[in-house]
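Asks: Here's a structure for you.
The values are calculated or read from the model by the stated rules, or taken from the named source; none is laboratory data. Source: prediction; values computed, not measured. Ideal geometry is used to build each Cβ from the backbone, glycine not excepted, and the neighbour counts take in all protein chains shown. Keep in mind that these areas ignore ligands, DNA and RNA; they rest on the heavy atoms of the full protein, side chains included. Shrake-Rupley method; radii C 1.70, N 1.55, O 1.52, S 1.80 Å.
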Amino acid sequence: MPADDIPPPPPPEEIPPPPPEETAAPLTMGNEPRRCGKAFSSLLLGFLGCLLGGVALAGMYFNPGASESVQITGNLDTMQEVVVQDATNRGLKMFLASFGQWFGFVGSALGLVGFIQGLTHLYQASEKLVLPKRWLASFGTLFSFIACCSILAALKHGYDAHVGLPKENAEEAFNRVEQVAGIIQQGVDIANGKEPPKQGGLGSKATGIAEGILGGSMNPVQQLWTEDYLGRTAPVLDVYAVNTRRSTFELSTLRNTRVLIVFINPASPACGKVVAPLNALFERTSRGQLWIIGSCPPKAQGALAFTKTYGAKFPVGNAQYYREPYSDITLPPAFMVVDENGRIASFHFGLASLPAAIRAAEGKP
């Protein structure tokens, strides 16, 4: 084949250049979102703050018992139980208030820190500075905000601990002083026969205490002025008995026999204690030898109840009128011995003088 008939070789194929690699521009360390624990810490602090705040709030509604004005009524044992229980209730209220204020303050402080951290994380997440955990930060922010409200419970407990409860205790102290003053006045009225005691209440024991205290201080004074009446004819005394068939006993008609007049206050426990010894004396002596007459003040109430309560066998009743020296007897029981001639032989005052009064009534030295 001629050289001219040989076709030329084909041109070499052009290999296209490789496409440029799709590589992302490297991020600098300052632009890369970083991990952040503020969202979780916000939720944790908010939960703890709500827990402490809840305890403080519950302390506001937990009532260990009503600490109202204590009424000093009933017998002494009941009164002691009431006072001790009231002191326990007030102590518990002070305990709750003291700790409640710290629970509330700490809870609100944790809530405030958690609230700030939650808001900070949400802001940084919106700027793509941190890995977004918006739901976690949102719950943390909400719980933290609720925990911040426990500051109100803390303020309430703080006010109660430092102002409210001390004021309440001071008012209760004055209330009890006023009641004690009333009991003392009641005891004086009972001792003077102006007021009957409340059955089963504190009045009878208060009267007994008053008689023990006042009687000891009044006896020497009474002994001084009663000496002027010794040897004189006993003033007129008419007693209307409530427990015997014979209704009236006139001192002026009881001559030729000794007479033991027992001045009684029906409301007095001390007077009740003289009944048993006088019953024994009444049974072992004859009426021609000795008369025992229980004389209550003219307007005193409860003579019949007194005889039934203590079982008095000797005549007991209210006097028609008290002349001197009968009207000057301040604190029964008191005893006056009248001899066979109607003259006052001796006076005796107080429960401790009963044995001497019995010996005088029997004519013994």
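Asks: Restrict the check to the stretch 120-137 and report whether at least one residue is more than 27 Å from residue 61 (Cα to Cα), touching a Lys or Arg at 6+ places or on another chain (Cβ under 9 Å), at pLDDT 85 or above and in a helix (DSSP H, G or I).
Replies: yes
Asks: Only residues that are more than 17 Å from residue 234 (Cβ to Cβ) and surrounded by fewer than 21 Cβ atoms within 10 Å (Cβ to Cβ): list them for the stretch 279-297, please.
Replies: The initial filter retains those residues of the stretch 279-297 that are more than 17 Å from residue 234 (Cβ to Cβ), namely 279-289, 296-297.
Matches in the stretch 279-297: 279, 280, 281, 282, 283, 284, 285, 286, 287, 288, 289.
Asks: When the stretch 298-323 is examined, which residues are found to be in contact with a Pro (Cβ under 8 Å, 6 or more places away or on another chain), open to solvent by 30 Å² or more (accessible area, probe 1.4 Å) and among the small types (Gly, Ala, Ser)?
Replies: The answer is 302, 305.
Asks: Condition (residue is within 12 Å of residue 144 (Cα to Cα) and of a type in the set (Gly, Ala, Ser)) applied to the stretch 115-126: is it met by at least one residue?
Replies: Scanning the stretch 115-126 turns up at least one residue that is within 12 Å of residue 144 (Cα to Cα) and of a type in the set (Gly, Ala, Ser).
Asks: Also, quick follow-up: Does the stretch 324-343 hold any residues that are modelled with pLDDT of 85 or more and either out of contact with any strand residue (DSSP E or B) (no Cβ under 8 Å at 6 or more places or on another chain) or open to solvent by 10 Å² or more (accessible area, probe 1.4 Å) (or both), and which are they?
Replies: 339, 340, 341, 343
Asks: Considering each residue of the stretch 330-365, count those that are basic (Lys, Arg) and assigned to a loop (DSSP other than H, G, I, E, B), and give that number. Explain how you work it out, then say what you get.
Replies: The initial filter retains those residues of the stretch 330-365 that are basic (Lys, Arg), namely 343, 359, 364.
Of the ones still in play, those that are also assigned to a loop (DSSP other than H, G, I, E, B) are 364.
Selection size over the stretch 330-365: 1.
Asks: Check residue 59 against each of (1) modelled with pLDDT of 70 or more; (2) under 20 Å from residue 159 (Cβ atoms); (3) open to solvent by 30 Å² or more (accessible area, probe 1.4 Å) and name the one condition it does not meet.
Replies: Result: residue 59 passes all but (3).
Asks: Continuing with this model, one more query. Scan the stretch 163-170 and give yes if some residue there is part of a helix (DSSP H, G or I), over 30 Å from residue 110 (Cα atoms), in contact (Cβ under 8 Å) with a residue 12 or more places away in the chain and open to solvent by less than 90 Å² (accessible area, probe 1.4 Å), otherwise no.
Replies: Yes.
Asks: Go through the stretch 108-153 and give me each residue that's hydrophobic (A, V, I, L, M, F, W, C), buried (at least 23 other Cβ atoms within 10 Å of the Cβ), under 50 Å from the mean Cα position of the chain (by Cα) and farther than 13 Å from residue 48 by Cα.
Replies: Of everything in the stretch 108-153, just one residue is hydrophobic (A, V, I, L, M, F, W, C), buried (at least 23 other Cβ atoms within 10 Å of the Cβ), under 50 Å from the mean Cα position of the chain (by Cα) and farther than 13 Å from residue 48 by Cα, namely 153.
Asks: State the number of residues belonging to the stretch 307-358 that are without any contact (Cβ under 8 Å) to a residue 12 or more places away in the chain and among the hydroxyl-bearing types (Ser, Thr, Tyr).
Replies: 1
Asks: Mind listing whichever residues of the stretch 266-277 are touching a residue at least 40 places away in the same chain (Cβ under 8 Å) and either more than 22 Å from residue 361 (Cα to Cα) or surrounded by 20 or more Cβ atoms within 10 Å (Cβ to Cβ) (or both)?
Replies: Residues satisfying the conditions are 266, 267, 268, 269, 270, 271, 274.
Asks: Residue 266: at pLDDT below 90 and closer than 14 Å to residue 312 by Cβ, yes or no?
Replies: So residue 266 fits the description; yes.
Asks: Here is a further query. Looking only at strands (runs of 3 or more DSSP E) that lie completely in the stretch 216-329, which have at least 1 residues being under 19 Å from residue 354 (Cα atoms) and within 43 Å of the chain's Cα centre (by Cα)?
Replies: Filter on the stretch 216-329 gives 258-263, 290-296, 316-319.
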